[in-house]
Every structure is written in C-alpha cells, then in structure tokens.
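The values are calculated or read from the model by the stated rules, or taken from the named source; none is laboratory data. This one's a predicted model, so the numbers in the text were calculated from it and none came from an experiment. So basically every Cβ, Gly included, is an ideal-geometry build from the backbone, and we count neighbours across all protein chains shown. Each accessible area value is taken on the protein alone, full model and side chains, heavy atoms only, with ligands, DNA and RNA left out. Shrake-Rupley method; radii C 1.70, N 1.55, O 1.52, S 1.80 Å.
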Amino acid sequence: MGFTIAEKIISAHLAKGSLKRGEPINVKIDQTLTHDVNGVMAYLEFEAMGIERVQTELSVSYIDHNLIQADFRNPDDHRYLLDVAAKHGIVVSRQGNGICHQVHLERFDIPGKTLLGSDSHTPAAGGIGMLGLGAGGLDVALAMAGEPFPLKMPQIVKVNLTGHLPPLVSAKNIVLELLRRVSVKGGVNKIFEYAGPGIKTLNVAERSIITNMGTETGATSSIFPSDEITQQWMRAQGREDQWIPLEADADAVYDAVIDINLAEIEPLIALPHQPDKVVPLREVEGLPVDQVVIGSCANSSLPDIARVADMLKGKAVHKNVDAGLYIGSRQVYLESVERGIFADILRAGVRVFESGCGACNGSGFAPPTNGVSLRTTTRNFLGRCGHATGNVYLVSPEVAVAAAMAGVITDPRELGITPGEFKMPDQFLIEDNMFIYPPANGADISIRRGPNISALPELAAAPDIISGKTLIKLGEDITTDHITPAGANFLPLRNNTPEISKYTFHFVDTSFAERAKAEGGGIIVAGVNYGQGSSREQAALAPRYLGVSAIIAKSFARIHLANLVNFGILPLVFENESDYSSIEQGDQLKLEFKPLFESQATAVVNETKQLEFAVKTPLTHEELEIVKSGGRLNWIKSGG
Ligand code: SF4
C-alpha cells in the first residue's frame, strides 16, 4: 500500500507512534517560526527551560503582527525579541520585512520538511509541500529545545481538484468553497491533501492561500505536492537546491475524498462573523461597502498584487470607500515598485500600509461603527477588526477591488474587465538585509525586558476535587478572539498576563473577569469547537490566571486543547451532549479528578440542580498528569 504526501513526511519525522489514525504521535520538527504578539511568551517559556541554543535546523522570529508602536510597549517587545534571538541562535525578520507566512514561503519553506509555528496559519507552508503545523508558544518553545511535537495522527483527506478556475475567480474561492462544504469544524484532526489535474493550474502562491486558510476548517494542516511548479518557484527564489519532488503514491489510501471542479466555482463571500458562513456573492450584491482591505498572509503575494493593480489601472476608488492594502512582504513590495504596478494602485487612491498583518488582527485600520468591511483576510470573527460592531466579509482580491471601485458589493465579472495573464518571474528580487542572523555564541548577550513584559505566572497543581461555579455558559464555535480579544487596544497586553486577563471574554461578557475573581475561579461550559481560531496561548493562560480550573464542552479545537493542557486547565466533554442544556450560569459543579486516570471519565455533580452527569476527557494519561501538575512547565520541572 502506498503513502500519501502527509504520511511520507510524518513517517520520515516520526519520533513516537505509528500512522494509525487517532493515535498519539510525536513528530520531529525541522523549523519553527514565531511572531511578535505570541512570540514574547514563547521565548519567555524557552528561557524558563534554561537551554542555551535552539536545537532546530532553523528558527525564525518574525516581527509583523503589531507594528503600531503607539507607546513603549511594542518597541520594548521588539527589542526583547531581538535580544533573545541573538542570545539563543534565532533568526529575526525585522519590522517591515513582511508577514511571517509570506516571507517564510519566499525564503525558508522547504518541501518534505516540518515547520511548527506559534501561529495557526502555519499550514501556509503546505503550498510548497512542507508540513506546517500551528501550535501554542510553549509547544514551539519545546520544539526549539529539541522536543518532538505531540499530536494525534490525523485522518488524511484527499481534495481532488479538476478543471480550471473561470476568469476573475481566484484561489481564495477554492478555500471558501471548502469552508462552505465542511464548516469551521470539518477539518478537526484532519490533513487536507490536494491532488488531481486542477493543481497544475495553481502556482505556489495560490496553493499557499488554500493551505493557509485550511486552518479555518480546524484542520491540523493542508498540503500540496512538490512538483515542477514548486521547483520553478524555488528556482526564482534562488533556492532550487532545496527542492525535492514529493507526491502521493498512485496507490495511496485516503480516509475520505472531496471532489472540487474548479470550473464550477463562482465568486463566494463569507458573511460576518464566521469564515464558514459562505454564500454565493450574488446573494449580497449591491450592499454598500464602507471599507476594503486587501492583503494579509492569505492574499498578498505577487500574483494577487499584480491582479489588483491590473484591475485598478486607470480607475479610481469610489468616494464612499476607504480602501487599504497590506502587501505581504518587502520582496513583493519591491517587485511591485520595480514593475510599475505600485503606481497604478497608488494612483487609484488606495492607501498602502507597511508590510505586516495590520487590519487583519485589528492593529489599525478598523471600519467605522456598524461599518461593512470587505477583506481578503483569513477570518472575520466578532471584534477581530478592533471593535464588535464591524461587519467583516471575506472575499477574493478581485471581489475586493470590484467593491472598492463600485462602492457596493459587485461581481468583478460584471465590470467588463479582461484580466491580464500573470507570469511568475524567473527570478524574484531577493534582498535579505532585513533578516538578522544570530552570532555563533550569544552567551554574553543580556536581554532587555520592558515593564509591560510580565513574568510567567506560577501555576498550582490541580486539586483532587475540582469544584466551582459555572462562570459562563457559551454557545457553539467560540473563538480565541472571543476569549482573548485581538485589536490594537489588546495586542500590546498579550505579554502581560494580569492585564490581558481583565479582558477575558470582553466581547461576550464584560463582567466575566470580575466575576471569576470574585468567585475565586470556577468552570466554563461551552458547545462544540470551543477555542477555534488562533494559537494564542493567552486564551488558556488568562482564564487559568483568573482561576478557571476546568472547561466542559461538546468538543474542542485542536490547538486550543493543547494550550489548555499546557496551562493546567482540565478539558472535559459531555458523554451525553443533551446534558449541556441542564446547566445554567451560576450552577455549582463538582467533580473528582482521579477517575479520569482510571477510565478517562468521571461524574460531575451539579449541586445547584441536584443532578449528576457523565463527562470524559480527550486527554492521554500523560496529558492528564500534565494538567494535574499545574501545566507543562511544572511537569517538566518535576522531571516529566
Ligand atoms: Fe497576520 Fe492575519 Fe495572517 Fe494572522 S491571519 S498571520 S494576523 S495576516
């Protein structure tokens, strides 16, 4: 029996376990990446391990997420990142060099290797045939320390692409179509592996849009083969020597198959506030638009920018629309200037920001109150644009430009534009002078920490009996943005646990933090897919800091589940989902920890309602031990 691409890479990196689906496995990590808003925590955790130099083939620290520098806090974070990188052997990609996933695709991704990133969109690397995995900062710190990464062996789903996309319908619509079909939870514990003749119509940048946003389905990763198109990309990046061919064997066996005929895809749009609320664009045509955002790691490579410029050439942005562009990397910026297309964009009246995440995570360029913002970004969770009244719709660059020109949601095919053919350059403009490489020995380097960087909190071991009030009862698909908000007001607080914890569930229930403190902690109850979205570990650490000891949900998102373990919160799922409806906010719950070790199940007593119901844990015996000891750092210190 042959292997899939993912099976080939995992087999070559397997430190523990087998390819049996659902089995706990450990995978050796070749490269890591971090970014500024999650990276400071990751490096504090790495420092706590007392290891001199990173043990990976390559670790890169990107400064791309929060570039506002409104006061001392972000510059202090950036300075800390520079110091810690120099000391411990990490490459830094400086402010202005671009968004981590785009820059890594250009300069560092290698087919057949593994990449662990403290960012959920790390599967963007799958566009080149690399296995990209998102994780919390502590897991990335452990990978930097040389530890293999633990996960459950995912199912491998073949996504069979046939046909050719129609004109002005681009790769973003392929992943929106996938989201429409499988939802924000349809990819949990799965890898989407792309195959079929349709893949030959997609360049590496387009493939990376799809693998990047596969994250929105909850997938562990997504990956394309490495073929002659990949080889040409790497040659143009001056890295052909790192290319290897990689494809599934003809007799590879998949756990499921999804067929997508590219010729049948029409322009799609994800409505607020979930990326799977996908409908045909025609259903919302004519809706007035206040703002257009082009860019983010999903749609800001050269083919995207060239298409945007092509559509805008000689035209102007509508007077009612505020249009902004975040180019994905300095390389793309330089190419755009060199080719003259940058001027076409500027002349049309688009505001061009520096290369970085910007509006995508709410660090600047928020829409007005109740505003409609059309974005080529990755996700449109409530409040992510900076405030809870913004209505963010996710679209392709072609749809974004059409709306920017027309002032209302418009099918780009109705504008009478004949798009020009894009040809990938034989040679990209390579300028690596915004990478800072570490010295061979960093022993003498002292690390400067600003006052906003708080020490890691001490976490106590879990008691034998967990009891507390139901602090909040939540619905389905609660995102990490619900738990720990993004946005310019909150991003600078991510490295200050006491401060960021005050805003836990800020856009859901502003009194949560006060209530949790007053109660001395408690328990959270939620529906399916709790913690979907980003890898931010503050979404586990902040509730833990407020005393949350357990979360009972119908199901959990993969990365967040790992973060709960790392910070000593006990995740439990209902044996019988109907018991969810028997609990109300304020109910006093109580459970014993010990039976979980014996049978992975325990009973919860609802003392307020005089009821009892059964829960189980999705954790392994080892993960339960980690939670019991108060989190992974405690467990490591105790010799685990
Ligand atoms: Fe940055 Fe947005 Fe991409 Fe995250 S999804 S890496 S915030 S551009």
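What about residue 103, is it within 16 Å of the ligand (Cβ to nearest atom), open to solvent by less than 10 Å² (accessible area, probe 1.4 Å) and not in a loop (DSSP other than H, G, I, E, B)? Even if it seems obvious, please write down each step before you answer.
On the way: within 16 Å of the ligand (Cβ to nearest atom): yes; open to solvent by less than 10 Å² (accessible area, probe 1.4 Å): yes; not in a loop (DSSP other than H, G, I, E, B): yes.
Yes: the conditions hold for residue 103.
On the basis of being more than 20 Å from the chain's Cα centre (by Cα) and either crowded, with 19+ Cβ neighbours inside 10 Å or part of a strand (DSSP E or B) (or both), does residue 486 make the cut? Write out each step before concluding.
On the way: more than 20 Å from the chain's Cα centre (by Cα): no; either crowded, with 19+ Cβ neighbours inside 10 Å or part of a strand (DSSP E or B) (or both): yes.
It is false that residue 486 is more than 20 Å from the chain's Cα centre (by Cα) and either crowded, with 19+ Cβ neighbours inside 10 Å or part of a strand (DSSP E or B) (or both).
With 45, 106 as the choices, which residue is touching a strand residue (DSSP E or B) at 6+ places or on another chain (Cβ under 8 Å) and modelled with pLDDT of 95 or more?
Details: 45 fails: touching a strand residue (DSSP E or B) at 6+ places or on another chain (Cβ under 8 Å).
After applying the criteria, what remains is 106.
Within region 293-330, how many residues are more than 18 Å from residue 417 (Cα to Cα), away from the ligand (no atom under 16 Å from the Cβ) and either modelled with pLDDT under 95 or not in a loop (DSSP other than H, G, I, E, B) (or both)?
Taking region 293-330 first, the residues more than 18 Å from residue 417 (Cα to Cα) are 293-302, 319-330.
Still in the list and also away from the ligand (no atom under 16 Å from the Cβ): 302, 319-323.
From the residues that got through so far, the ones that are either modelled with pLDDT under 95 or not in a loop (DSSP other than H, G, I, E, B) (or both) too are 302, 322-323.
Count: 3.
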Inset, instruction - Given the conditions (1) in a loop (DSSP other than H, G, I, E, B); (2) without any contact (Cβ under 8 Å) to a residue 24 or more places away in the chain; (3) not aromatic (Phe, Trp, Tyr), report the number of the one that residue 11 does not fulfil. - result: (1)
Inset, instruction - Determine whether residue 246 is modelled with pLDDT of 95 or more and open to solvent by less than 10 Å² (accessible area, probe 1.4 Å). - result: no
Inset, instruction - Could you tell me whether any residue of region 19-27 is touching a helix residue (DSSP H, G or I) at 6+ places or on another chain (Cβ under 9 Å), open to solvent by 10 Å² or more (accessible area, probe 1.4 Å) and part of a loop (DSSP other than H, G, I, E, B)? - result: yes
Inset, instruction - Looking at (1) in a helix (DSSP H, G or I); (2) of a type outside the set (Gly, Ala, Ser); (3) away from the ligand (no atom under 16 Å from the Cβ); (4) more than 27 Å from residue 190 (Cα to Cα), find the lone condition where residue 69 falls short. - result: (1)
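Yes/no matrix, rows are residues, columns are (1) open to solvent by 10 Å² or more (accessible area, probe 1.4 Å); (2) more than 30 Å from residue 619 (Cβ to Cβ); (3) at pLDDT below 95:
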residue	(1), (2), (3)
110	yes, yes, no
129	no, yes, no
153	no, no, no
156	no, no, no
171	no, yes, no
174	no, yes, no
Inset, instruction - Check residue 347 against each of (1) open to solvent by 20 Å² or more (accessible area, probe 1.4 Å); (2) in a loop (DSSP other than H, G, I, E, B); (3) not aromatic (Phe, Trp, Tyr) and name the one condition it does not meet. - result: (2)
Legend entry - The one condition in (1) modelled with pLDDT under 95; (2) buried (at least 18 other Cβ atoms within 10 Å of the Cβ) that residue 409 fails to fulfil: (1)
Legend entry - Criterion violated by residue 259 - all others in (1) among the acidic types (Asp, Glu); (2) without any contact (Cβ under 8 Å) to a residue 60 or more places away in the chain; (3) assigned to a strand (DSSP E or B) satisfied: (2)
Inset, instruction - Mind listing whichever residues of region 489-525 are surrounded by fewer than 22 Cβ atoms within 10 Å (Cβ to Cβ), of a type outside the set (D, E, K, R) and not in a helix (DSSP H, G or I)? - result: 489, 496, 503, 506, 507, 508, 510, 511, 520, 521
Legend entry - Criterion: among the polar types (S, T, N, Q), within 21 Å of residue 73 (Cβ to Cβ) and within 16 Å of the ligand (Cβ to nearest atom) - qualifying residue of 504, 497, 479, 484: 484
Legend entry - Residue satisfying all of: in region 368-378; open to solvent by 10 Å² or more (accessible area, probe 1.4 Å) and on the phi < 0 side of the Ramachandran plot; farthest from the ligand (Cβ to nearest atom) among these: 369
Legend entry - Residues located in region 351-366, provided they are open to solvent by 10 Å² or more (accessible area, probe 1.4 Å) and more than 9 Å from the ligand (Cβ to nearest atom): 351, 352, 353, 354, 364, 365, 366
